[in-house]
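Beneath this line is the structure, given in structure tokens, with notes to follow.
The values are calculated or read from the model by the stated rules, or taken from the named source; none is laboratory data. Everything quoted here is computed from the prediction, not taken from an experiment. Methodologically, a virtual Cβ is constructed for each residue, glycine included, from the backbone with ideal geometry; neighbour enumeration extends over all protein chains shown. When the accessible area is computed, the model is the full protein with side chains, heavy atoms only, and any ligands, DNA or RNA have been set aside. Shrake-Rupley method; radii C 1.70, N 1.55, O 1.52, S 1.80 Å.
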Amino acid sequence: MFIKTSNPAFKDFGDIVYDDIDFSSSHKINLNNKFIDNLKLVTNDYTFIKVTKGVVMILVSFDSNNIKSFIINRSLHIKKGIYFNLISISDEASVEVLTNTEFKSIKLDNPFNYSNISSSLDISEIYTKFYQEKGTNYNFSGEKHSYWELTYVDKGELLTTIDGVSYHLKQGDLIFYAPMQFHTQSTFEKISSSYLTINFKMNFNHADLLCNKIFSLKRDSYFIVTKLIEELSNDNLYSNDLSLCYLKQLIIQMLRLDNSHFHSKPTTHMQQTYENELLNDILLYIDNNIYEKISVSTLCEHFCISTSMLHSLFRKNMNNTAKNYINELKLSKSKELIRNSTHTLSEISEMLGFSSIHYFSKKFKSYFNISPTEYSKSIYN
């Protein structure tokens, strides 16, 4: 996450300049670099920087080792004794540097290389989507083609071979076929199968991370599959775009999935639907009662469920605990209240049910890495 120079964390390195500074005698510098191998040392108290074009990141350090980065969003005064350098985040950028001395440079042992936030995989088109129900002893002799294919087993079991290697897929399992991989599919003698097949065009340079392995879906991934099928099945506004987004999200989930650990799978559509509806009701209840003192026992009593079931719902579907979710939502709500600036921090702490302003401040800083007071100041700078 980027931090702006107006954030209180920058104050150790420099100050925001609110007064008009005459930059007529400044050095104008054009930037397009994403890489630096040195830092410049500020040797006096007269160094100012102003961005005139594009988006610029400033790297700062006390000792040239522990480097911090900030996005410049105001004209800056850099303090004496600080090491710094600049990187262009946008394709091109320009800055004006006002100083009355030449900077001394120090070589970095580990050069800094900025990586743009960009997509490493691109899905440009979904060609076909089929939901197939096959009886026992079904056999597809095989094919290969120039596009990607995904098969997800919704019910039953499926045997597939990829370039002669066999894979046994069970309910909740998913497999990918890369372009030009020959693959077959068949069902077993006593087990039928229902499965989803999607053919799509994707540019991806790390096919080995997806190919020749079975992925077992967690419940959050199963939810994505459900939404993907839903969008592929209707013609609502931007359904095609959402379908591509869900497919990409699903693939990213699989790339992150560590199959060496056990992951619970959905059992039946009915059970998953029940759990989804129950969880949605619980989340809505928490949101509507966020200003009350909500506990795990409160939720269990209100929805007539056990503590273990509540824990299971949140762990499987939210990758979180109910207690943490409530605390995180309260802290997020506190940020919103601070931004509205109609209540004091003490009032906000009391409104959200924290035991004291000190406890509220401690939890806020632990979660957001900034105190409520500092956050309040930063949003107006």
The one condition Val296 fails out of (1) at pLDDT 90 or above; (2) surrounded by fewer than 14 Cβ atoms within 10 Å (Cβ to Cβ) is (2)
Output the residue which, of all residues in segment 97-116 that are hydrophobic (A, V, I, L, M, F, W, C) and in a strand (DSSP E or B), is nearest to Leu228 (Cα to Cα). Phe112
Kindly evaluate Ser194 against the criterion of being open to solvent by less than 40 Å² (accessible area, probe 1.4 Å) and part of a helix (DSSP H, G or I). no
Any residue that is at pLDDT 95 or above and open to solvent by less than 60 Å² (accessible area, probe 1.4 Å) - is there at least one of those in segment 2-9? no
One residue from Glu301, Glu328 being open to solvent by 90 Å² or more (accessible area, probe 1.4 Å), of a type outside the set (Phe, Trp, Tyr) and part of a helix (DSSP H, G or I): Glu301
What single numbered condition from (1) surrounded by 14 or more Cβ atoms within 10 Å (Cβ to Cβ); (2) modelled with pLDDT of 90 or more fails to hold for Ser346? (1)
Quick check, is Ile286 closer than 27 Å to Pro372 by Cβ, in contact (Cβ under 8 Å) with a residue 24 or more places away in the chain and surrounded by 15 or more Cβ atoms within 10 Å (Cβ to Cβ)? yes
Just name the residue that is nearest to Lys190 (Cα to Cα) out of those in segment 96-140 that are of a type in the set (Asp, Glu) and open to solvent by less than 90 Å² (accessible area, probe 1.4 Å). Glu125
I'm checking my understanding of the structure. Among residues of segment 96-119 that are of a type in the set (Val, Ile, Thr) and more than 31 Å from the chain's Cα centre (by Cα), which one is farthest from Asn33 (Cα to Cα)? Thr101
Qualifying position, being in a strand (DSSP E or B), polar (S, T, N, Q) and farther than 30 Å from Leu159 by Cα, among Ser119, Ser94, Ser141: Ser94
Of (1) within 26 Å of Arg256 (Cα to Cα); (2) open to solvent by less than 40 Å² (accessible area, probe 1.4 Å), Ile71 fails just (1)
Of the conditions (1) open to solvent by 20 Å² or more (accessible area, probe 1.4 Å); (2) part of a strand (DSSP E or B); (3) at pLDDT 90 or above, Phe200 clears all except one; give me its number. (1)
Within segment 337-364, how many residues are assigned to a helix (DSSP H, G or I) and either of a type in the set (Ser, Thr, Tyr) or within 21 Å of the chain's Cα centre (by Cα) (or both)? 5
In segment 10-55, the residues that are open to solvent by 70 Å² or more (accessible area, probe 1.4 Å) and in a strand (DSSP E or B): His27, Lys28, Asn30, Phe35, Thr52, Lys53
